[in-house]
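Read through the structure below, which is laid out as structure tokens, and then see the notes.
The values are calculated or read from the model by the stated rules, or taken from the named source; none is laboratory data. It should be emphasised that the depicted structure is a prediction, and the values quoted were computed from it without experimental measurement. Cβ coordinates were reconstructed from backbone atoms using ideal geometry, including for glycine residues, and neighbour counts include every protein chain displayed. Each accessible area value is taken on the protein alone, full model and side chains, heavy atoms only, with ligands, DNA and RNA left out. Shrake-Rupley method; radii C 1.70, N 1.55, O 1.52, S 1.80 Å.
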Amino acid sequence: MIRKVIIINPANYHFNHLRPPFGLLTIATKFIENGVEVKWIDADVIRDNNEVIDKVKQHLDADLIAMGGLHTAYPSIKELCQYIKEENIDLPIIVGGWVAKSLDHLLWRNISNISMLCKQEGEYVVDSLCNNFNNIHEISGIEYRKNGKIISNKPAPVIKKS
């Protein structure tokens, strides 16, 4: 069971203006609907990785760090994960959004401390993540690393709007 999640909106250096992180905001809402405490850290506003990591350190009682965004967020995600690793922050990290769908090969190859990738729209995956957190093989819609191999779980059910 997830009690607390840190959601980090990564910096997006490819834009000279701030872009609302609608995907991550939707994910935050889904976590809250599941009774999970959400700590939001906006690296796109802060633009200082040391300050971002200091904020993460204030919430080491969290169960999970979640990040995601467009493919242009990849450099920031890579930097943040490196800082997290260097600071010996031992929390599982899930990355979602377009970056996880389009650059999964780079994320898995270049960022060793990523635990999971959300391979579907996160709003379909968060319920399964919250309900099956201690049984990673039961979390629908993700990939994870096990003994050096990437394991793809079954897809999460897609809720169709009528």
Accessible area in the full protein assembly, largest first, 1.4 Å probe, for Leu80, Leu103, Leu70: Leu70, Leu103, Leu80
Contact order relative to length of the stretch 1-127, as percent, for alpha carbon pairs under 8 angstrom and 6 or more apart: 29 percent
Set of the stretch 54-85 residues, backbone N closer than 20 Å to the point 7 Å along the Cα-Cβ line of Trp40: 54-60, 62-70, 73, 77
Rounded to the nearest 10 Å², the accessible area of Thr29 at probe 1.4 Å: 70 Å²
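For the stretch 112-162, state the semi-axes of the equivalent ellipsoid (square roots of 5 times the eigenvalues of the alpha-carbon gyration tensor), sorted largest first and rounded to whole angstrom.
The answer is 21, 11, 9 Å, longest axis first.
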Semi-axis lengths, Å, the stretch 1-63, gyration tensor of Cα atoms, sqrt of 5 times eigenvalues: 22, 16, 6
Cross-link partners of Lys55 among aspartates and glutamates (Cα-Cα below 12 Å; sequence separation of 8 or more within a chain): Asp42
Solvent-accessible area per residue, Å², over the chain with all protein chains present [probe radius 1.4 Å]: 53 Å²
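Report the per residue volume, in Å³, of the convex hull enclosing the C-alpha atoms of the chain.
For the chain, the hull spanned by Cα atoms encloses 112 Å³ per residue.
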Accessible surface of the stretch 22-128 [probe 1.4 Å, protein heavy atoms]: carbon and sulfur percent: 50 percent
